[in-house]
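Q: Quick one: the structure is below, questions incoming.
The values are calculated or read from the model by the stated rules, or taken from the named source; none is laboratory data. As the structure is a computational prediction, the values presented were derived from the model and not from experiment. When we count neighbours, we look across all protein chains shown, and the Cβ atoms used for this are built from the backbone with ideal geometry, even at glycine.
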Amino acid sequence: MDAMVEATATRQATVLVVEDEETLLFTVARNLKKEGYRVLTASRGDDGLALARSENPDVIVLDVMLPGVDGMQICRLLRRNTQVPIIMLTALGGEGDRVAGLDTGADDYLVKPFGMRELLARVRALLRRMHTEAPAAEPETTLVSGDLTIDRARREVRKDGAVLHLKPKEYELLLFFVQNPRKVFSREQILDEVWGYDFDGGPRTVDVHVRWLRQKVEEDDAHPQRIRTVRGSGYLFEG
């Protein structure tokens, strides 16, 4: 199946599906369209990468094993200049495989075979997190922690005045830390607070995202002073 664009009359958001298994591609696209999304599809990695760059989708559902360019490489290339949420699909379900997907910059991970309701729920969750506004009950839209400034209305973080390019989950993790300074949180507590109780990933997910965040907010991420590891307990944000 060639790369193509399918649109629905009512646009909630645009979802790009890159999957070389034709039946699965058709089924996923059909169910997304039923939900009201504008759907872009590609069965080759190079076609999917071109669509991602030209169409700027709101979410990408990306298979790992693809002809042309594999999903891991696509994810790495996209992360150079976009923070679009990416759900990786794979037949490989080991922890190492999931961590490898997260290490490339993916936001979520589904192992085949998966339930269509679960995929749709994860797409909705990523879209909610992308477009959630600051609660009206909290008047403070700008938070400051040392040389970090968080503009909650714009979901923008600056360090010494320079904009940091954070993935959606990195932003939410940093916001959680800044709002809860000098408190120790276990990995399980952080998963519940940042990813939600319905997230079925393991504590390693927290470690991966903390590592990415340290690379952006610490002066020396090899010797972090801001996000500290508390041995046997979890993490503490010094502020």
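Yes/no matrix, rows are residues, columns are (1) in a helix (DSSP H, G or I); (2) within 14 Å of Asp58 (Cβ to Cβ); (3) at pLDDT 90 or above:
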| site | (1), (2), (3) |
| --- | --- |
| Arg76 | yes, no, no |
| Gln83 | no, yes, no |
| Met88 | no, no, yes |
| Val99 | yes, no, no |
| Leu110 | no, no, no |
| Val123 | yes, yes, yes |
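Q: Continuing with the same structure: Of all residues in the stretch 52-74, which are at negative phi and surrounded by fewer than 21 Cβ atoms within 10 Å (Cβ to Cβ)?
A: We begin by selecting, within the stretch 52-74, every residue at negative phi; these are 52-55, 57-67, 69-74.
Selection gives Arg53, Ser54, Glu55, Asp58, Met65, Pro67, Val69, Asp70, Gln73.
So that you can scan it fast, the table gives a plain yes or no per residue for (1) surrounded by 18 or more Cβ atoms within 10 Å (Cβ to Cβ); (2) closer than 30 Å to Leu119 by Cβ; (3) not assigned by TED's automatic domain parsing to the domain that holds Tyr109:
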| position | (1), (2), (3) |
| --- | --- |
| Asp147 | no, no, yes |
| Arg154 | no, yes, yes |
| Lys167 | yes, yes, yes |
| Arg226 | yes, no, yes |
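Q: To continue, here is another question. For the structure I just gave you, tell me whether Thr41 is modelled with pLDDT of 95 or more, in contact with a Gly (Cβ under 9 Å, 6 or more places away or on another chain) and either of a type in the set (S, T, N, Q) or outside the structural domain of Arg122 (by TED's automatic domain parsing) (or both).
A: Against the criterion (modelled with pLDDT of 95 or more, in contact with a Gly (Cβ under 9 Å, 6 or more places away or on another chain) and either of a type in the set (S, T, N, Q) or outside the structural domain of Arg122 (by TED's automatic domain parsing) (or both)), Thr41 qualifies.
Rundown of residues vs (1) at pLDDT below 90; (2) among the basic types (Lys, Arg); (3) in a loop (DSSP other than H, G, I, E, B), yes/no style:
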| residue | (1), (2), (3) |
| --- | --- |
| Leu102 | yes, no, no |
| Leu120 | no, no, no |
| Glu140 | yes, no, yes |
| Tyr171 | no, no, no |
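Q: Going by the conditions given, is Thr142 buried (at least 16 other Cβ atoms within 10 Å of the Cβ) and among the polar types (S, T, N, Q)?
A: Values: buried (at least 16 other Cβ atoms within 10 Å of the Cβ): no; among the polar types (S, T, N, Q): yes.
Answer is no for this residue.
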